[in-house]
Amino acid sequence: MTATQTRAETTPQETGPGSPAISLQGIVKKFGDFTAVRSLDLDIGRGEFFSLLGPSGSGKTTVLRLIAGFETPSGGSVRLGGRDVTSSPPFDRSVNTVFQDYALFPHMSVFQNVEYGLKLRRLPKAQRRREVEQALETIRLPHVADRLPSQLSGGQRQRVALARALVLKPEVLLLDEPLGALDKQLREQMQIELKEIQRRVGITFVFVTHDQEEALTLSDRVAVFNEGVVEQIGTPEDLYERPATRFVASFLGTTNLIEGALAERLTGRPDLHSVRPEHIRLLPLDRQPAPGTHGVAATVREVVYTGPATRYAVETDDGEVLIALAGNDGPTPAATRGDRVRLEWDRRFTYAV
Amino acid sequence: MNRQAVITPPSVRSAASDGPAARRSGALSRWLYSRPRVRLGALLVLPLAWLGVLYIGSLLLLFATAFWRVDTFTSKVQPAFTLDNFVRLATEPAYQATALRTIGISLAVTLLCAAVALPLGLYMAKVASRRVRTLLAIGIALPLWAGYLVKVYSWRISFTTGGPLDWLLRPFGLDAPGYGTGALVVTLAYLWFPFMAVPVYSALRQIPENLFEASSDLGGRSWATVRHVALPLLKPALIAGSIFTFSLSLGDYIAAQFVGGKTQVIGTVIASNINLNPPLAAAFSMVPLAVVVLYLLAARRSGALKHF
């Protein structure tokens, strides 16, 4: 993809390299009585792999469609590379989309699908052929050029949709749950491939997903959506280790939420706190508390072996059930049902949320 | 077929079939069950008789009649084998012109139907609210429930001198076209419009919304999207619709009599010969038949009939 790299270096940037690739200001989107997005401000940098994460109906896809131009915001503005495109149609935006179910044209061959955008730009035939071939090379599917989309597997369709969007060398690529329809193994393989491609072409990727693991794996930064509001924006580590709200803490991975009496006993404050299961150690009840830790006595209620780790449901003496996750690397198991144990974790792993 | 639905388990059978009648019908079922050919024959005897005897049989009779002749003195039809009728049709300019005119009218009707059905279908499938869509769908289907003569007669009134069309056009300094080929095309297009609009609309409904979005995302403005995405995907529906509009127009003669003025079509020529010279009428009716067969073959080549 040398051509793309050269292009990225030589593209005249309309308002200088300082302006973010995408800038949403005060975005509101209503559908009738339903408010899908309420007052959203979001800047996405150039070359960033940015994910919009949230459950279905949280407004993440609406934001993607507002950036693509399929929807017009009820309020606020959309800027791409510094240029106001709030009311521009999709065909006037340097943004391309990979659709959830790929939206490949069923009557066109793979080659024609990828060629479509170039044809509309009236590029000469020889150049079109060259660029399509190059794009199919990038997704490692040069041999399917003459097939119809119906003759491809799910993973192949997904890659063709990617090539069709990338061939136009957009400044921003939007991906609407592009891996949702693939099985687990293929999805993991495609995640690595997507990340590789993004690094190679160096453009901004905006990735919509409801799969928190996928968002954490792929993204430079993630915005967590809930009911039309962004709960938190940050790096995967930020979100996982330092969740800002109860929703973020519980949506990303499993967590133990502690509040009230137990929280007050541990931290001195009855506010809501979060402790990740993998940080909790199960120790013999008579073990002396280590310095700088939180600890609590508990009874093991359930032991679930999950392969690399074992999950314990333990009940503290206050009747709170916590989940602890222990790697299966020592002599197994660390505890069995009914055992009395001491739960312990470093103080730094107790977050107020 | 579900085996259990046909064969009753022995325990149930003894309990359910008390009387001898029930036992007998059970025996018939068993007898039939082991003879699939008899079952198939019983299933198909009626439709096959209808198709074979009434439809193909009468067509064959018509075909045979085309080679007969009329005795010039007695005006009686005599069985014979002569190609005279066909020679007359092929050599007399009036017949040639009528055949070509009819084909031209049928094509014009088809194009007119498609030209109206496309934007209407696009609007219904992609823009209109559910309520408006339902109303329009009823609107399209409504003429199908009205009597043929009622519809044709109302068009006759519309086109009459001093009629509604005249009244509408006069302020623009125009005269209504009156009865003639134009009025005939409009009337036929109206009559057969549902046959084009329904397949076009349902095909448009089946095109996923995101194909249109993808096209505009890749740089396609409305017209490019219609031309490169909608039209190719509608081709089967357009061809299916055109088979109806074309062949129905080809065979119609009543509309031509009501609003066609002096315009002669194949149908009117056949109608006026049906008593005077049945063999000639039979021969002439082979023309639309042949044209429709050719049209169907062309449609099949295009791949549009794959789903039938």
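Given an 8 Å cut-off on Cα distances and at least 6 residues of separation, report the relative contact order of chain A as a percent.
Numbers: 685 pairs, mean separation 57.0, N = 353.
Relative contact order comes out at 16 percent.
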(request) Could you work out how far helix A:154-166 tilts from the main Cα principal axis of chain A, as a 0 to 90 degree angle to the nearest 10? (result) 60 degrees
(message) Working only with C-alpha atoms, what are the Rg and Dmax values of the stretch B:77-161, expressed in angstrom?
(response) 21.0, 64
(request) Grab the Cα-Cα distance for B:Asp175 and B:Phe86, subtract it from 0.36 nm times how many residues apart they are, and report the gain in nm with one decimal. (result) 27.9 nm
(request) Kindly express, to the nearest 10 degrees and within the range 0 to 90, the angle between helix A:110-120's C-alpha long axis and the longest C-alpha principal axis of chain A. (result) 60 degrees
(message) Suppose each label sits 7 Å from its Cα in the direction of the beta carbon; what would the B:Gln78-B:Ala97 distance come out to in nanometres?
(response) 3.3 nm
(request) Round to the nearest 0.05 the FRET efficiency obtained for B:Leu44 and B:Ala298 when R0 = 22 Å and r is the Cβ-Cβ distance. (result) 0.10
(message) Testing the spin-label approximation: label points 7 Å from Cα along Cα→Cβ at B:Ala115 and B:Asn275. State their distance in nm.
(response) 3.9 nm
(message) Under 19 Å between alpha carbons, and skipping anything fewer than 8 positions from B:Lys126 in its own chain: which lysines qualify?
(response) B:Lys235
(request) Return, ordered by residue number, the residues of the stretch A:233-274 whose backbone nitrogen is under 19 Å from a label point located 7 Å along Cα→Cβ of A:Gln288. (result) none
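Computed over the Cα atoms of chain A, what is the ratio Rg over Rh, Rh following Kirkwood? Present the calculation step by step, with values, prior to reporting the outcome.
Working: Rg = 24.4 Å, Rh = 22.8 Å.
Over the Cα atoms of chain A, Rg/Rh equals 1.07.
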(request) Round to the nearest 10 and give me the degree value, 0 to 90, for the angle of helix A:184-201's Cα axis relative to the longest principal axis of chain A. (result) 60 degrees
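Provide the gained length on full extension for the span A:Asp318 to A:Asp211, in nm with one decimal, where the gain is 0.36 nm per separating residue minus the Cα-Cα distance. Mind showing how you got there, number by number?
Numbers: separation 107, 0.36 × 107 = 38.52 nm, distance 3.36 nm.
The span from A:Asp318 to A:Asp211 would gain 35.2 nm if fully extended.
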(request) Give the Rg (one decimal place) followed by the Dmax (whole number) of the stretch B:163-208, computed from C-alpha coordinates and expressed in Å. (result) 16.1, 46
(message) Which order do the peptides A:219-228, A:262-271, B:51-60 come out in when sorted by mean C-beta neighbours inside 10 angstrom, highest first?
(response) A:219-228, A:262-271, B:51-60
(request) Scan around B:Gly261 for amide H atoms under 5 Å from its own, H built in the peptide plane at 1.01 Å from N, and keep only partners 5 or more places away or cross-chain. (result) B:Gly180
(message) Could you sort the peptides A:188-198, B:162-172, A:288-298, A:207-217 by per-residue average Cβ neighbour count (10 Å cutoff), highest mean leading?
(response) A:207-217, A:188-198, A:288-298, B:162-172
(message) Going Cα to Cα from A:Lys195, which aspartates and glutamates come in below 17 Å? Please leave out same-chain ones fewer than 8 positions away.
(response) A:Glu48, A:Glu137, A:Glu171, A:Asp176, A:Glu177, A:Asp211, A:Glu213, A:Glu214, A:Asp220
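Rule-based calculations on the coordinates, nothing more; no lab input. Owing to the predicted nature of the structure, the values given are computational and were not obtained by experimental measurement. Using ideal geometry, Cβ is built from the backbone for each residue, glycine included, and neighbour counts are taken over all protein chains shown.
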